[in-house]
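One structure is given here, and the rest of the page talks about it.
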Amino acid sequence: MRLSNYFTPTLRETPAEAEVVSHKLMLRAGMIRKSAAGIYSYLPLGLKVIQKVEQIVRKYMNEYGAVELLMPAVCSADLWRESGRWADYGKELLRIKDRHGRDFCIGPTHEEVITDIVRNSVKSYKQLPLNLYQIQTKFRDEVRPRFGLMRGREFIMKDAYSFDINDKAAEKSYKQMHAAYCKIFESCNLKYKVVEADSGAIGGSFSHEFMVLADTGEDFVISCNSCDYSANMEKAVTADNYAKDNEKILPSQQVKTPGQKTVEDVANFLDVNINKIVKTLILKTDDDFVALMVRGDHEANLVKLKNYLDVVNVDFASEKEIEEITGGAMGFSGPVNLPLPIYADNAVKYIKNFVVGGNAKDVHLKNVNIGEDFTVKQFGDFRTAEPGDECPKCGKGTYVITKGIEVGHIFKLGTKYSESMNATYLDKDGKQKHMIMGCYGIGIGRTAAAAIEQNHDDAGIIWPPQLAPFEVVVVPVNTNDENVVNVAETIYLKLLKKGVDVVIDDRDERAGVKFNDADLIGYPLRINVGKKTLKEGNIEIFIRKDKELISVKREDSVNKTL
Ligand code: ATP
Ligand code: MG
Ligand code: MG
Ligand code: MG
């Protein structure tokens with residue numbers, strides 16, 4: 001490739017829209033451009049990086065037994081109604097109508113579509129196990145799209161779905177994917193941690209997240225300084241509470257005054273799993289409940305709850321107000337990311353016009369500064385893990401909290417979709433059984449962004465060679481010197497022939513401009529062909545990572561590069 005006819009619109013200034021380093025550098029290096037909030041174009045260099053991540057993902061998905069297909073981006077609402085998610089998914093789902101008034105959505109994930117395909121074609125145990133994956137553009141109408149490709153609304157995901165005959169087989173599939181993911185993120189040269197996670201809105205029996213450790217991450221990773229325990233914030237809270245607090249206070253045993261509803265009542269009323277409700281923020285006034293957060297369709301649930309709980313003198317927070325309260329970090333599918341004290345403080349501040357009475361300080365809310373008029377009576381199961389807390393697994397070590405970027409997520413789904421959508425197979429014994437499913441996602445763009453978060457300096461990106469848009473750039477330093485140009489061309493062509501992903505910066509630009517661009521874009525190696533060094537029979541190889549410049553004999557240049 002020749003930069004003279006390529007498209008690398010680099011920027012000298014950092015665009016004001018960018019907060020985190022990966023977003024800044026992707027814009028500056030001419031890799032992406034914003035089209036609308038959370039919606040980006042991938043420019044040639046950015047696209048190349050995305051394709052490299054995709055190739056790594058494909059390699060290991062295939063190696064670990066998954067088979068690629070491609071499903072539609074536009075999905076019929078009928079399938080989503082069958083699974084129940086048309087009602088449950090909430091505002092992240094972009095719903096559209098066709099000319100006949102029929103409902104569709106742009107797929108944010110594809111459990112329904114794949115389950116439909118498999119239930120129609122797989123009839124016998126002999127056709128299982130099956131693991132199908134795609135790499136596709138998804139859409140989620142995120143409350144707060146930000147950080148470029150890290151949290152887009154339109155983004156590329158690899159999603160895989162496994163189908164098995166029983167739990168044991170499903171766990172084997174899960175382990176396969178776990179292993180594939182480790183290979184994938186190792187190949188991307190990322191420092192990551194596998195953490196226990198809550199299955200969240202997708203539901204299911206267990207799951208793990210792959211977290212790239214970075215200060216700009218929006219997730220919290222809790223790990224023990226003594227044993228191998230590590231979990232995300234939400235899961236650690238649960239572990240903490242279920243291991244210890246829940247022996248003392250179960251939802252059904254929580255303070256209840258006559259006529260009032262418990263968390264369990266609310267769960268029954270909404271017909272949701274108690275675990276969805278225990279994550280609900282329920283503040284209790286002397287006479288009333290105030291529910292701020294319910295998993296699933298937040299607003300619909302609030303409306304229902306308002307009537308059910310017969311709340312009178314309390315205003316429900318609007319979406320916007322909740323965003324203000326939570327800093328927008330939680331979204332509406334679950335209050336997850338913020339340490340609770342920040343949240344509770346703000347919530348208490350916000351709900352000024354009633355009295356919350358009851359539970360002792362620090363029982364459900366840690367470090368909450370409860371004012372004269374405010375105490376928290378009932379808060380669901382919502383205590384947050386904190387640094388220094390005792391590890392629930394080993395009981396010896398204490399929690400350390402770091403920030404992470406969720407680049408991958410694996411779930412054992414169980415029969416959630418196969419039951420609701422009736423995906424069955426005929427077993428050996430002639431019995432009709434539900435398939436056991438798993439699903440497995442990787443954010444392709446987010447992985448590329450995470451790699452930048454971990455590999456950059458003041459001058460720009462430092463790509464690991466596996467992800468670099470080009471592995472080598474050849475720079476003719478003096479473009480008006482025929483010899484320089486010829487030697488640079490020769491080296492470039494030789495490297496091409498050897499299969500190196502190389503580019504030549506043959507633009508009519510000053511050397512300084514070319515060097516700055518090369519540092520910004522982050523090619524792992526730069527070969528300088530300059531008049532002066534060439535006179536001595538040498539060329540220079542600049543190693544981006546170590547900022548090391550080595551001089552080699554001109555005839556050795558290709559071999560040294562390889
Ligand atoms: P998050 O907690 O960051 O909102 P999620 O848990 O909702 O992510 P999953 O449903 O587990 O995401 O999707 C699988 C993967 O897709 C995630 O691990 C992440 O890498 C990627 N992903 C999810 N949402 C986005 C987004 N808005 N922009 C870019 N990548 C995303
Ligand atoms: Mg999400
Ligand atoms: Mg998540
Ligand atoms: Mg996830």
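The values are calculated or read from the model by the stated rules, or taken from the named source; none is laboratory data. Since we're looking at a predicted model, the values are computed, not measured. Cβ atoms come from the backbone with ideal geometry, glycine included; neighbour counts cover every protein chain shown.
Selection of first residues in the range 392-420 that are more than 27 Å from R119 (Cβ to Cβ) and part of a strand (DSSP E or B) and of second residues that are away from ligand 3 (no atom under 12 Å from the Cβ) and among the acidic types (D, E), restricted to Cβ pairs under 8 Å at least 6 apart or on distinct chains, gives the following pairs, ordered by first then second residue: T398/D389; T398/E390; Y399/E386; Y399/D389; Y399/E390; I401/E386; K403/D215; I405/E453. Number of residues in the range 60-102 that are modelled with pLDDT of 95 or more and either of a type in the set (F, W, Y) or on the phi > 0 side of the Ramachandran plot (or both): the value is 5. The number of residues in the range 516-556 being crowded, with 19+ Cβ neighbours inside 10 Å, over 12 Å from V472 (Cα atoms) and of a type in the set (G, A, S) comes to 1.
Condition (residue is buried (at least 19 other Cβ atoms within 10 Å of the Cβ) and within 20 Å of the chain's Cα centre (by Cα)) applied to the range 70-88: is it met by at least one residue? Within the range 70-88 (the criterion being buried (at least 19 other Cβ atoms within 10 Å of the Cβ) and within 20 Å of the chain's Cα centre (by Cα)), the answer is no, since none of the residues qualifies. What's the number of the only condition in (1) hydrophobic (A, V, I, L, M, F, W, C); (2) modelled with pLDDT under 95; (3) within 19 Å of V49 (Cβ to Cβ) that A518 fails to meet? Tallying (1) hydrophobic (A, V, I, L, M, F, W, C); (2) modelled with pLDDT under 95; (3) within 19 Å of V49 (Cβ to Cβ), A518 fails exactly one: (2). With a requirement of 2 or more residues that are closer than 23 Å to V118 by Cα, the strands (runs of 3 or more DSSP E) lying completely within the range 1-105 that satisfy it span 74-76.
Quick check on the range 65-85. Is at least one of its residues free of Cβ contacts under 8 Å to residues at least 40 places away in the same chain and within 24 Å of I184 (Cβ to Cβ)? No: zero hits. Checking T115 against (1) touching a Cys at 6+ places or on another chain (Cβ under 8 Å); (2) part of a helix (DSSP H, G or I); (3) among the polar types (S, T, N, Q), only one condition comes out false. Which one? So T115 meets the others, but not (1). Annotation: of all residues in the range 6-31 being over 27 Å from the mean Cα position of the chain (by Cα) and at pLDDT below 95, the one that is farthest from L495 (Cα to Cα) is E13. Got at least one residue in the range 122-138 being assigned to a loop (DSSP other than H, G, I, E, B), within 15 Å of ligand 2 (Cβ to nearest atom), at pLDDT 95 or above and under 17 Å from the mean Cα position of the chain (by Cα)? No, the range 122-138 contains no residue that is assigned to a loop (DSSP other than H, G, I, E, B), within 15 Å of ligand 2 (Cβ to nearest atom), at pLDDT 95 or above and under 17 Å from the mean Cα position of the chain (by Cα).
It is to be established whether one or more residues within the range 206-227 are modelled with pLDDT under 70 and within 16 Å of ligand 4 (Cβ to nearest atom).
So far as the range 206-227 goes, no, none of its residues is modelled with pLDDT under 70 and within 16 Å of ligand 4 (Cβ to nearest atom).
List every residue pair whose Cβ atoms lie under 7 Å apart, where the two residues are 6 or more positions apart in sequence or sit on different chains, the first residue falls within the range 439-461 and is in a helix (DSSP H, G or I), and the second residue, located anywhere, is hydroxyl-bearing (S, T, Y). From the range 439-461, the pairs are A449/S22; I452/S22; E453/S22; E453/T216. Looking across the range 148-162, just one residue is surrounded by fewer than 22 Cβ atoms within 10 Å (Cβ to Cβ) and in contact with a helix residue (DSSP H, G or I) (Cβ under 6 Å, 6 or more places away or on another chain), and that is I156. Quick check: anything in the range 499-515 among the hydrophobic types (A, V, I, L, M, F, W, C), surrounded by fewer than 22 Cβ atoms within 10 Å (Cβ to Cβ), at negative phi and in a loop (DSSP other than H, G, I, E, B)? Within the range 499-515, one or more residues are among the hydrophobic types (A, V, I, L, M, F, W, C), surrounded by fewer than 22 Cβ atoms within 10 Å (Cβ to Cβ), at negative phi and in a loop (DSSP other than H, G, I, E, B).
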